[in-house]
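Everything below concerns the one structure shown next.
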Amino acid sequence: MMSTPSSFADLGLSPELLAALSDLGFETPSPIQSACIPHFLAGNDLLGQAQTGTGKTAAFALPILQRIDIRKRLPQALILAPTRELAIQVAEACQSYARHLPGFHVAPIYGGQNMGLQLKQLGRGVHVVIGTPGRVMDHIERKSLDLSHLTTLVLDEADEMLRMGFIEDVEWILQHVPATRQTALFSATMPEPIRRVAQRYLRDPQEVRIKSTTATVTAIRQRYWQVSGLHKLDALTRILEVEDDLDAAIIFVRTKTATVELAEKLEARGYGACALNGDMNQVLRERTIDQLKNGGIDIVVATDVAARGIDVPRISHVINYDIPNDTEAYVHRIGRTGRAGRQGNAILFVAPREIRTLRAIERATRQPIEPLVLPSKQAVADRRVAQFKEQIMQVIESEELDFFAEVVDELAEESADTDVREIAAALAYLVQQERPLRADGLSDALPRENKNSRSRDDERSYRDDQRGAPLQPYRADAGRAHGVTPGDIVGALTNEAGLSNRSIGRITLFDDYSIVELPNDLSKETLNALSFLRVRQRPLKLAPMRNERQGKRERDNTGAGSETKKPRKGKT
């Protein structure tokens, strides 16, 4: 029986990977990492059942990187993911873990991205490919993706691929890779079609089942802010300015370097902040915690490792500046607030591609995480004015002011045209210069909402809110006779072409084709992606219909068809 490793070093990972994990703030492996990495390194096929947010990406990425031959610029590992967001997320994780592996190259390939760019990436040579099934099939058929040297294949979130109608594409890919490869399949659930795939394509797989830890944290109010652009620091300072009942806070970041950088930036903005990381000796660490306890500082910026064992009752807020690596880490982090019967507050910064992790955290805590509306400049100014007034009243009540009153009287006598009110206003002006009380005195740190300043992810979110542009009909070269459902088409459009669920209009199925209503202002990149979409191994060849008469003529010639409103994602 295999013993449970207590550290990543016990798993037999290389010094380069251990150094990367240390940089990223990882200390001990999660249960799925402890269970899976030894099997991977031993060359066994693997069938893993685990939820999103349990740390499974590292469970397969680390051993893949360990076994890569950097000298060979050929695809040695292929990771299939159901969505473009997950493909990007896994690619970024691989790049982070490989930071001490010079010459390593990874390529995410998915619908919605320029095909020419992907062809260049693959042409230059890559070691690991992460892709969505449809786009991987395109490259295999084009012979732009050579899998003859493949040693490892991972199917990530297989049940999602089944639900979205990609499982036949997955099987097609499995039939076009070397029979000698190592195969791992991960799925949150194990429906019968997934088990059949495992039985058909995995060889004597080791089975790993990880139950996700759930915790109820009812004493903690949880909120998230969806990151927009590169303005996390400005958003953080706005939140710190206006939060009610903010006493002390722990801000969690991913790396030791980030603790120092963020603490210094907060200090420069007038906050009492200190870093807390694994490079600090025990004496300095204890001194920092004591300062937090007695009010010498109000904010500690920490990594998961450094914050272990902190129990400070005055911590009213935990802010996840960087999203944690798994749900268990999140539960441990926020458990440092809401102590001694007090109401706690947890705020999470979430990038658009991390929304899946957010949903996994909601399941783990069994509590919804509500969106946080970022405070406006006016809200910040109002809070500063209120605090300024409160400070003045406290000084009036607690300090001996006779000397200062005499100075004001003398100033009023010397300047006959100036009354005491104007003198008080001038003093207030001098005091507030470094911390302006008026909204127009605050820097406009966050970008105004205009189309040109938004990223593609922001643009999709914005268009969701606006409920899209006028729709026009597109013809898809697949219909009922090919076994296609509206859910299949929606899945391809949202996950391969990057369209938002709410921007897709009515889908009408006919025997040999379908008509899909899509926004009439699609970008060139999206239009290019539409031409490569597949459903059930069949190219859709989506193209705009010339006019409504063409659609009516086709319907008249073929019959009324099967008309349906598009289904909501997840209910197909």
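Quick rundown of the values:
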{"read-out": "Stokes-Einstein D for segment 132-262, Kirkwood Rh over Cα pairs, 10 °C, 1.306 mPa s (µm²/s)", "value": "81 µm²/s"}
{"read-out": "Student exercise, segment 80-166 dipole from Lys, Arg, Asp, Glu Cβ charges, in Debye to nearest 20", "value": "380 debye"}
{"read-out": "MRE, 222 nm, helices only [DSSP H, n ≥ 4, -39500 (n - 2.57), over the chain, to nearest 500]", "value": "-12500 deg cm²/dmol"}
{"read-out": "Hits among aspartates and glutamates - C-alpha to C-alpha of LYS293 under 17 Å, sequence gap 8 or more where chains match", "value": "ASP245, ASP247, ASP311"}
{"read-out": "Label-point separation in nm, GLN378 to ASP204, each point 7 Å along Cα→Cβ", "value": "7.1 nm"}
{"read-out": "Given 13 as the ceiling on other Cβ atoms within 10 Å, longest exposed-site-free region of the chain for GluC sites (Glu not before Pro) in DSSP loops", "value": "1-398"}
{"read-out": "Net charge, VAL318 excluded, C-beta distance under 10 Å - Lys, Arg +1, Asp, Glu -1", "value": "+2"}
{"read-out": "Kirkwood Rh in Å, taken over the chain so that all alpha-carbon pairs contribute", "value": "26.9 Å"}
{"read-out": "For segment 334-371 versus segment 293-309, the gap between their alpha-carbon centres in whole angstrom", "value": "19 Å"}
{"read-out": "For segment 145-160 and segment 77-133, distance of Cα centres in Å", "value": "12 Å"}
{"read-out": "GLY48 long-range amide H proximity, modeled H, under 5 Å", "value": "LEU185, PHE186, SER187, VAL208"}
{"read-out": "Nearest-0.05 FRET efficiency for ARG73 and GLU362, computed from C-beta distance (R0 51 Å)", "value": "0.80"}
{"read-out": "Amide H contacts of VAL154 (H built 1.01 Å from N, under 5 Å, at least 5 apart or other chain)", "value": "LEU78, ILE79, LEU80, ALA184"}
{"read-out": "Rounded to whole Å, sorted largest first: equivalent-ellipsoid semi-axes of segment 357-402, Cα gyration tensor", "value": "42, 15, 6"}
{"read-out": "Heavy-atom accessible surface of the chain: percent carbon and sulfur, 1.4 Å", "value": "48 percent"}
{"read-out": "Alpha-carbon centroids, segment 219-260 and segment 12-44: separation in whole Å", "value": "29 Å"}
{"read-out": "Residue-by-residue Karplus 3J(HN,Hα) for segment 330-337, coefficients 6.51, -1.76, 1.60, Hz, glycine and proline x", "value": "4, 4, 5, 4, 6, x, 8, 10"}
{"read-out": "Under Karplus coefficients 6.51, -1.76 and 1.60, residue-wise ³J(HN,Hα) of segment 277-292 in Hz, glycine/proline x", "value": "9, x, 7, 7, 6, 4, 5, 5, 4, 5, 5, 5, 5, 4, 4, 5"}
{"read-out": "Net charge over other residues, Cβ less than 12 angstrom from the Cβ of ARG195 (K, R count +1; D, E count -1)", "value": "-1"}
{"read-out": "Mean accessible surface per residue for segment 24-134, computed with a 1.4 Å probe while every protein chain stays in place, in Å²", "value": "30 Å²"}
{"read-out": "Neighbourhood net charge (9 Å Cβ-Cβ; Lys/Arg +1, Asp/Glu -1) for LEU471", "value": "0"}
{"read-out": "Of the trypsin sites (Lys or Arg not before Pro) in segment 121-173, those whose Cβ has at most 10 other Cβ within 10 Å and which sit in DSSP loop", "value": "LYS143"}
{"read-out": "Simple label model, 7 Å out from Cα along Cβ direction - LEU246 to ALA412, nm", "value": "3.7 nm"}
{"read-out": "Eligible aspartates and glutamates near LYS72 by straight Cα distance, threshold 15 Å, same-chain separation 8 or greater", "value": "ASP146"}
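The values are calculated or read from the model by the stated rules, or taken from the named source; none is laboratory data. Predicted model, so just to flag it, every value in this text is computed and none were measured. Here the Cβ is made from the backbone with ideal geometry for all residues, glycine too, and neighbour counts use every protein chain on show. With ligands, DNA and RNA removed, areas are computed over all heavy atoms of the protein, side chains included. Shrake-Rupley method; radii C 1.70, N 1.55, O 1.52, S 1.80 Å.
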